[in-house]
1. Filtering segment 19-42 down to residues that are of a type in the set (A, V, I, L, M), at pLDDT below 95 and under 12 Å from the mean Cα position of the chain (by Cα), which residue is surrounded by the most Cβ atoms within 10 Å (Cβ to Cβ)?
2. Please specify each residue of segment 60-79 satisfying the condition of being loosely packed, with under 15 Cβ neighbours inside 10 Å, over 20 Å from Ile106 (Cβ atoms) and modelled with pLDDT of 95 or more.
3. Would you pick out the residues in segment 80-108 that are under 17 Å from Thr32 (Cβ atoms) and either surrounded by 15 or more Cβ atoms within 10 Å (Cβ to Cβ) or without any contact (Cβ under 8 Å) to a residue 24 or more places away in the chain (or both)?
4. Can you name the residue in segment 41-70 that is of a type in the set (A, V, I, L, M, F, W, C) and free of Cβ contacts under 8 Å to residues at least 24 places away in the same chain and is also farthest from Lys86 (Cα to Cα) among such residues?
5. Say we look at segment 47-100 and pick out the residues that are assigned to a loop (DSSP other than H, G, I, E, B) and within 10 Å of the chain's Cα centre (by Cα); which of these is nearest to Ser30 (Cα to Cα)?
Amino acid sequence: MVVFLLGTSLSASDDSGKAPKAPAGMAIISGTVTDANTGEGLAGALIEIEGTTLKVFTDLEGKYNINEVEAGTYSLKVKYISYEEKSLPSIQVNAKDNSVDIQLEIKK
């Protein structure tokens, strides 16, 4: 059992850096959340699609993937402690990969 888990873990790590592929008829929204002043990736930022249950946190580099999104128009909401909350209305999602990079400003 341990060997199987290690094999699965190693296999998953081999695909790092590659965007996942969306199932037929579904799309993926991916991108990076960064500090608007420094360009540094923000680890642990919350990205959610308003009106759905779809939400993810960014990884250690500020990157995220929201999988299995139906094609359509959505509003994204992004939250990160000590930063201004940001809403991105009218994000067009087509039936393939969609890139949305987001910059956040520090709260004043």
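1. Of segment 19-42, the ones of a type in the set (A, V, I, L, M) are 19, 22, 24, 26-29, 33, 36, 42.
Imposing the further condition that a residue be at pLDDT below 95 reduces the set to 19, 22, 24, 26-29.
Next, from what is left, pick out any that are under 12 Å from the mean Cα position of the chain (by Cα): 19, 28-29.
On the way: Ala19: 12, Ile28: 19, Ile29: 22.
If we take residues in segment 19-42 being of a type in the set (A, V, I, L, M), at pLDDT below 95 and under 12 Å from the mean Cα position of the chain (by Cα), then Ile29 is surrounded by the most Cβ atoms within 10 Å (Cβ to Cβ).
2. Ser75
3. Matches in segment 80-108: Tyr80, Tyr83, Lys86, Leu88, Ile91, Asp97, Asn98, Val100, Ile102, Gln103, Leu104.
4. Here is the first cut: in segment 41-70, the residues of a type in the set (A, V, I, L, M, F, W, C) are 42-43, 45-47, 49, 54, 56-57, 60, 66, 69.
Narrowing further to those that are free of Cβ contacts under 8 Å to residues at least 24 places away in the same chain: 43, 54, 56-57, 60.
Numbers: Ala43: 16, Leu54: 17, Val56: 15, Phe57: 15, Leu60: 20 Å.
The residue in question is Leu60.
5. Per the criteria, the residue is Val100.
The values are calculated or read from the model by the stated rules, or taken from the named source; none is laboratory data. Nothing here was measured: the structure is a model prediction, and the numbers come from that model. Glycine also receives a Cβ, built like all others from the backbone with ideal geometry; neighbour counts cover every protein chain displayed.
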